[in-house]
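Read the structure below first, then the notes.
Derivation of every value follows stated rules applied to the coordinates shown; laboratory data play no part. Note that the coordinates shown come from a computational prediction; the quantities given were computed from them, not determined experimentally. For neighbour counting, all protein chains shown are included, and Cβ atoms are generated from backbone atoms with ideal geometry for every residue, glycine included.
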Ligand SMILES: *Cc1c(COP(=O)(O)O)cnc(C)c1O
């Protein structure tokens, strides 16, 4: 264990990216190529990512929030829609519904898993007239996979769609009733799943995101929405060839083909594209994803072991099969004291999350303290400890030592 005198004063954040020489070379190659955006790297990254999570389709986008927005649009969320999500998530999981004018409702968490409580969702659905709700956005919070098999059954009973927010969980899985591993974002149970490639997440592209699905129809919609609502697919054109040619003097009014320049903007889409150099970085990072995941699981097991039986721990994430450990969370008394003590030691723990319903924006929509007691109780003591593949055993031991000393 490092002593006071030789201890490392490099700051230890709660999460950070790992960029290898291969990553740098991959980006450099694209910078020297013909395409900075809309080139061949996007398709490669999408294919590799779909392969990694086990989905039929993947659509790369500019960030995880854009991914959520496009999913909501593809599922026709509008001012009449009502959607359930968890209060313990990044606000974007809820905001995407508001972007489309829809109403957000929350279901409280299960304090043991920190995930949305499926029983609470059922209560909500059964208490309302059928047709009240349109969909559910579960979050594989901290990297722990939601049991989507169970959630799908409930969703089918009430005719709801599911968008899985899997930002924390590439490579994570749950085991279904047949004993099969169901990987996050594989499209078996959720209609759509989304990922983020922000530098604190498992795979970093700076900003970046991905949507995965097994639905060909949703996939086609997403491609169009990602790029202004424009299509170049002649099969889908609604204008006539004559209108497309645009020149009434043209003798080719008998033409059988649309001119090569022609495209149609068919609905109001956005520019939510990823660049090619980001996609190349993503592909390069993805090749090391399993290595990183394995290291995260080792770190988690070391924390779990170090904290087992410690009386200052109210609850800890622990060792859970299929957990992808974007975060390692413990619940403690005097969380503020611990947070400050860690900061004094250059350890930058973080809190995930301030409950979404207590954000002023959502309070202005009518939510208040006391609405989701389990989430609020969780928030009172949760703290996310350093967790990233390049965290060394020595650094981790120092974190554990500081915590022990604080409660000692
Ligand atoms: C990071 C994150 C997002 C948003 O992703 P960005 O790429 O930052 O837009 C959404 N949901 C969750 C749970 C996240 O952690």
Kirkwood hydrodynamic radius (C-alpha pairs) into Stokes-Einstein, the chain, 20 °C and 1.002 mPa s, D in µm²/s:
94 µm²/s
Coordinate range along principal axes, alpha carbons of the stretch 213-274, Å, largest first
44, 21, 17
Stokes-Einstein diffusion coefficient of the stretch 78-217, Kirkwood radius over Cα pairs, 37 °C, 0.692 mPa s, in µm²/s:
215 µm²/s
Give me the extension gain from residue 368 to residue 407: residue separation times 0.36 nm, minus the current Cα-Cα distance, reported in nm with one decimal.
10.8 nm
Between residue 127 and residue 247, with labels modelled 7 Å along Cα→Cβ, what's the label distance in nm to one decimal, could you check?
6.7 nm
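Return a whole-number percent for the relative contact order of the stretch 15-155, with Cα pairs under 8 Å and 6 or more residues apart as the contact set. All intermediate terms of the calculation are to be shown ahead of the outcome.
Values: 143 pairs, mean separation 25.1, N = 141.
About 18 percent, as a whole number.
Does the stretch 325-387 classify as rounded, prolate or oblate by the C-alpha gyration tensor (a ≥ b ≥ c root eigenvalues; a/c under 1.5 gives rounded; else a/b over b/c gives prolate, otherwise oblate)?
Details: a/c = 2.20, a/b = 2.19, b/c = 1.00.
Since a/c reaches 1.5 and a/b is larger than b/c, the shape of the stretch 325-387 is classed as prolate.
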Taking the Cα atoms only, what angle lies between the long axis of helix 148-157 and the longest principal axis of the chain, rounded to 10 degrees?
50 degrees
Between 0 and 90 degrees, rounded to the nearest ten: what's the tilt of helix 64-74 against the longest Cα principal axis of the chain?
50 degrees
Whole-Å distance, taken between Cα centres, linking the stretch 183-197 and the stretch 161-181:
7 Å
Global form of the stretch 255-408, assessed from the alpha-carbon gyration tensor, a/c cut-off 1.5:
oblate
If I stretch the segment between residue 263 and residue 32 completely, what's the gain in nm (0.36 nm per residue apart, minus their alpha carbon distance), one decimal?
80.2 nm
Binning every alpha carbon pair distance of the stretch 149-196 at 10 Å from zero, what are the percents per bin?
28, 53, 19, 0
Computed E for residue 20/residue 159 - FRET, C-beta separation, R0 30 angstrom, nearest 0.05:
0.05
The chain: angle of helix 21-31 to the longest principal axis, Cα-based, in degrees nearest 10:
20 degrees
Here the relative contact order (percent) of the stretch 149-249, from C-alpha pairs under 8 Å and at least 6 apart, is 18 percent
Mean residue ellipticity (222 nm) of the chain, computed from DSSP H runs ≥ 4 via -39,500 (n - 2.57), nearest 500
-11000 deg cm²/dmol
